[in-house]
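K.L.:
Before I ask anything, here is the structure I am working with.
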């Protein structure tokens, strides 16, 4: 029974990658950029610009989200927050999985329809 539940867990990075062009490595680099920006007293935009590939991916991500509704953007924002929590504070997989499910219950159905790689409820 426990093994079945393990398979049912949502991986925040798989979900985020299914929705966007950003990978787990990109999000890890973003965490480093946030920390560097804080230390250097620079804006995140300036620090991201130093990593051209990552900067271009984030520009593509922003362009992609321009076509999303307010609710869908809210879900993406929540998923991004969960991903950063996992990377920064080691949020447990069970907690992250539950938060992902909750984010989709609160407005992610449109995203599931737009992205067939995501399981819809």
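The values are calculated or read from the model by the stated rules, or taken from the named source; none is laboratory data. Just so it is clear, the model here is predicted, and its values are computed rather than measured. All Cβ positions, glycine included, derive from the backbone under ideal geometry; neighbour counts span all protein chains shown.
K.L.:
Given the criterion at pLDDT 80 or above, part of a helix (DSSP H, G or I) and surrounded by fewer than 16 Cβ atoms within 10 Å (Cβ to Cβ), identify the matching residue among 59, 5.
P.N.:
59
K.L.:
How about the range 66-97: which of its residues are touching a helix residue (DSSP H, G or I) at 6+ places or on another chain (Cβ under 8 Å) and within 15 Å of residue 30 (Cβ to Cβ)?
P.N.:
Answer for the range 66-97, where residues must be touching a helix residue (DSSP H, G or I) at 6+ places or on another chain (Cβ under 8 Å) and within 15 Å of residue 30 (Cβ to Cβ): 76, 79, 80, 82, 83, 84, 85, 86, 87, 88.
K.L.:
Within the range 68-84, work out how many residues are under 22 Å from residue 33 (Cβ atoms) and in contact (Cβ under 8 Å) with a residue 12 or more places away in the chain.
P.N.:
Qualifying residue count for the region: 7.
K.L.:
Right, something else. I need every pair where a residue in the range 17-28 that is on the phi < 0 side of the Ramachandran plot and in contact (Cβ under 8 Å) with a residue 60 or more places away in the chain has its Cβ under 9 Å from the Cβ of a residue that is surrounded by fewer than 16 Cβ atoms within 10 Å (Cβ to Cβ) and in a loop (DSSP other than H, G, I, E, B), sequence separation at least 6 or different chains.
P.N.:
Once the first residue is on the phi < 0 side of the Ramachandran plot and in contact (Cβ under 8 Å) with a residue 60 or more places away in the chain and sits in the range 17-28, its partners that are surrounded by fewer than 16 Cβ atoms within 10 Å (Cβ to Cβ) and in a loop (DSSP other than H, G, I, E, B) give 18/115; 18/117; 19/115; 19/117.
K.L.:
Return a yes/no flag: does the range 18-30 have any residue that is part of a helix (DSSP H, G or I) and at pLDDT below 80.
P.N.:
Yes: the range 18-30 contains one or more residues that are part of a helix (DSSP H, G or I) and at pLDDT below 80.
K.L.:
Now for a separate question. What residue, of 73, 42, is modelled with pLDDT of 75 or more and in a helix (DSSP H, G or I)?
P.N.:
From the options 73, 42, the qualifying one is 73.
K.L.:
What are the pairs, 6+ residues apart or on separate chains, where a residue within the range 47-67 that is farther than 14 Å from residue 23 by Cβ has its Cβ under 7 Å from a residue that is modelled with pLDDT under 85 and surrounded by 13 or more Cβ atoms within 10 Å (Cβ to Cβ)?
P.N.:
From residues that are farther than 14 Å from residue 23 by Cβ, the pairs are 64/20; 65/73; 65/76.
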